[in-house]
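Please treat every number below as a calculation from the coordinates, not as lab data. What you are looking at is a predicted structure, and each value in this text was computed from that prediction instead of being measured. Ideal geometry is used to build each Cβ from the backbone, glycine not excepted, and the neighbour counts take in all protein chains shown.
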Amino acid sequence: MELKIIKTTEPRKRPTGPLGFGKYFTDHMFVMEYENGEWGNARIQPYQNFSLQPACSVFHYGQACFEGTKAYKNKQGEIRLFRTVDNLNRMNDSADRICIPKFDVDFVLDAIKKLILLDEDWIPTEPGTSLYLRPAMMGCEDALGVHAAKKYILFVILSPVGAYYANGLAPVKLYVEEKYVRAARGGTGHHKVVGNYAASLKAGEEAKKIGYDQVMWLDAIKHRYVEEVGAMNIFFVVDGKVLTPALLGSILPGITRRSVIQLLKDKGIPVEETEVDIEMIAQAAENGKLTEVFGTGTAAVISPVGAFRLRDKEYVVNGGEMGPIAKLMYDTLTKIQVGELPDPHGWVTRIK
Ligand SMILES: *Cc1c(COP(=O)(O)O)cnc(C)c1O
């Protein structure tokens, strides 16, 4: 397939001051379309609006999925993608779950590299900043009726970002959610499908109203086994051992999660993927055996948890501070990403 490149004639102003997360977008985007049974019309073009009919299927039935991955530019001027090929493979898995036709990962990865190089001077270089890549796919058939669309759009936009949370690595407070559920086995929780996020908003808003940053999700049946936190995977350190919920069909298989499990193994820190009972965690917090809790995800990398509330009781973790294992994981991962530590597992793709 051919890749057309249409350069902008009106480059926009670069952001000045703090970047925040997902507020600014670079000059160009990648787009391709699926029609008559194949992907085509691949192009890099100026960042611009889509023109879609009100009948466009994604507005009605939510047949869409997305990814989030990052590129880093270091002091030497290298540009480095972190595990982006894993994200593209996961997007194909998500697509398949909602009947969107798969795409050629090598082709899209190559287009992403060209897109980043074209918008290279948008990549921030301050510590903690990066270029966030947002690939997404959606059904765009102009017809009502619940069925898989016959037409699709795949696009990738780029956003220079700072820290995900306004206060950086400050520990977050979680509300253990016992009423709403995020996902059930057999549903779409295992995939980055857009409806999952709409379904999660209400719980998040209610938790915020009573002073919590995010929700800790429990399993859909017993409301007892921990699944995830907001849109991150979660790790607990109990009695010197790191525990994280096993992927049993309703949890998003995070790439940061997988990287952290590997790094813990590399460092000889015991780690187990298992069922994590929230009552056991509360008890461990009570008797001092729960020493750390942290979330993992591309956007925040590592997010320490300073406290969680289960029913009427709030449990403080590690005095409300980031713990040593979370810190070690944050430092190791971010240094591999920018090239300050070796990359023994081949996670980084240098594009410059
Ligand atoms: C994206 C996401 C994660 C984290 O996945 P990463 O690949 O580490 O970014 C975890 N949970 C949910 C629900 C997510 O959407």
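Of note:
- Shape category assigned to segment 130-203 from the gyration tensor of Cα positions, a/c cut at 1.5: oblate
- Leading residue at positive end of dipole, the chain (Cβ point charges), from 238, 107, 159: 159
- Ordering of 299-309, 60-70 by packing [mean C-beta count within 10 Å, highest first]: 299-309, 60-70
- C-alpha long axis of helix 324-338 to longest principal axis of the chain, angle in °: 20
- Gyration tensor (alpha-carbon) shape descriptor, segment 120-259, a/c threshold 1.5: oblate
- Charged side chains reduced to their Cβ positions (Lys and Arg at +1, Asp and Glu at -1) give segment 1-118 a dipole of some 800 debye around its Cα centre.
- Dimensions of the chain based on its C-alpha atoms, expressed as ranges along the principal axes with the largest first, amount to 62, 53, 35 Å.
- Couplings 3J(HN,Hα) of segment 154-162, computed from phi: 10, 9, 9, 10, 10, 9, x, 10, x Hz, in residue order, whole Hz [Karplus 6.51 cos²θ - 1.76 cosθ + 1.60, θ = phi - 60°; x for Gly and Pro].
- Shape category assigned to segment 177-270 from the gyration tensor of Cα positions, a/c cut at 1.5: prolate
- Farthest toward the positive end of the dipole of the chain, out of 9, 282, 256, is the Cα of 9, where the dipole comes from beta carbon charges about the Cα centre.
- Phi-based couplings in Hz for segment 126-142 (Karplus 6.51, -1.76, 1.60; Gly and Pro marked x): 4, x, x, 9, 6, 9, 8, 9, 10, x, 8, 9, 8, x, 9, 9, 8
- Summing charges over all other residues whose Cβ lies under 14 Å from the Cβ of residue 348, with Lys and Arg as +1 and Asp and Glu as -1, gives +4.
- Cα long-axis angle, helix 255-266 against the chain (0 to 90 degrees, to the nearest 10): 50
- Helix 194-209 and the long axis of the chain differ in direction by around 40°, with both axes built from C-alpha atoms.
- Cα centroid separation, segment 258-285 to segment 191-215 (Å): 24
- Cα centroids of segment 109-137 and segment 49-66: 25 Å apart.
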